[in-house]
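Read through the structure below, which is laid out as structure tokens, and then see the notes.
Only the coordinates and a few stated rules stand behind these numbers; no lab work does. Model, not experiment: these values are computed from the prediction. Cβ atoms come from the backbone with ideal geometry, glycine included; neighbour counts cover every protein chain shown.
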Amino acid sequence: MKRIAGQHMRRSLLSPRNLRLSSPLSSISPSRRCFALSARLSQHAPVTAAPAIASEAVLDTPSTDSPVDLNKSSRAGRETSPKLSALHARLSLPPRFPHASLARCLVHPSADRNPLNNNASLAVLGQDLLAYYTAEWLMCNYPRLPMEVLFAAQHAYSGPRTLSAMREEWGVESVAAPGPEVDPGLLQFTRRQAGNAMAEGGMARLKDTQTSDKKTGTGRANEQWNYRRGTSSRIVYDNQFGDLAEHADNPVTTANASTPPGPVTTEEASATFINAVFGALYLHAGAQATQAFHQAHILSRHIPLHTLFSFTHPTRDLSRLCLREGFESPVARLLSETGRHSRSPVFVVGVYSGSDKLGEAAGSSLDEARVRATAAALRAWYLYSPPRDHIVLPSQSATTQWRPQMVDVGEVVT
């Protein structure tokens, strides 16, 4: 029987098509017939396993090693993404700002290490522009601000938390994980896992938070992060918010420059995206368009600057200020009171320098009202603003006639 079956098989393979159709193999189902034919061919074929596997891989799965196809598909996605077009129109970006650059602003370095595809370089430029435009507006409009308040105000206008809120207001959603199949109109980054420790300041949970002895590369003479970190040290060595910044000469940072960037939080990725948008807008549309965009999205926010002040010894500070400016010594005077012998008395106290009233406040006791009035006088001095028609920002000197701006002698150091 085996010999007869073998003869039938050879005759079915070597006979013409019309005879093969009438052979006993024609009664077998097509799938089983193909399987039997491939098994016979693999037995009699020479040993060429590697080409066969390669050909099967090419036929079965799409190739992922061809960057040309991926680049073409990514460019096509950037041009046809509805989310990207809607974001471009929502922000009222000029036509010179291409959709491809906006899509690049949405790719964090933790999602794509290629510097031509991520927003690392654009974010560096945008961060400097944000710091410059915000600082010059604050210093020209409030020339007497102390440095501590200037740091806090700049952080309130263009800090990471504010930029993260802007990303949500712009309607930009973030992805759970980056990949080539993600819509270009979404923010792509590698998320940091939920942590088991609190970051410095107690506002963010981090995984394996760095301790104080690991924070090196700050540029100070002593690399301990809490060494001589006063106001002058923060101006020289720290970033635009007065926070610790890693310098380029840091050996730890230089050694890890070639390693892939680690996962980041949503706040950090959002801040990088906003900074990259400002940097790309400056490159494509110029300085005037960037200033208008900064005015519309950053300076349009109302920040109550008077809440950023915190005085430890306001009475002593006001006395030193009056002595430095040549004013008469401040005197506290009781203006009005009610319910002195009740459980909730109210005293209104004013602080005068000669006949000029510097500040006024109310309190439940005479000392409380006097301290509050002194603090109000200091806030009124530091929050002085020149007339609006006298303010000309340095970045607007190319289009507006320049006028010298007020430069104060500085805050009172006690």
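Worth pointing out:
- The stretch 92-185: mean projected area of Cα convex hull, nm²: 7.7
- Counted by neighbouring Cβ atoms within 10 Å, the residues SER92, SER353 run from fewest to most as SER92, SER353.
- Long-range Cα-Cα pairs in the stretch 326-372 (distance over 17 Å), rounded percent: 33
- Calculated FRET efficiency for the pair HIS306/ALA89, C-beta based, R₀ 35 Å, to 0.05: 0.40
- Over the stretch 293-381, all Cα pairs binned in 10 Å intervals from 0 give whole-percent P(r) values of 17, 38, 24, 14, 5, 0, listed from short to long.
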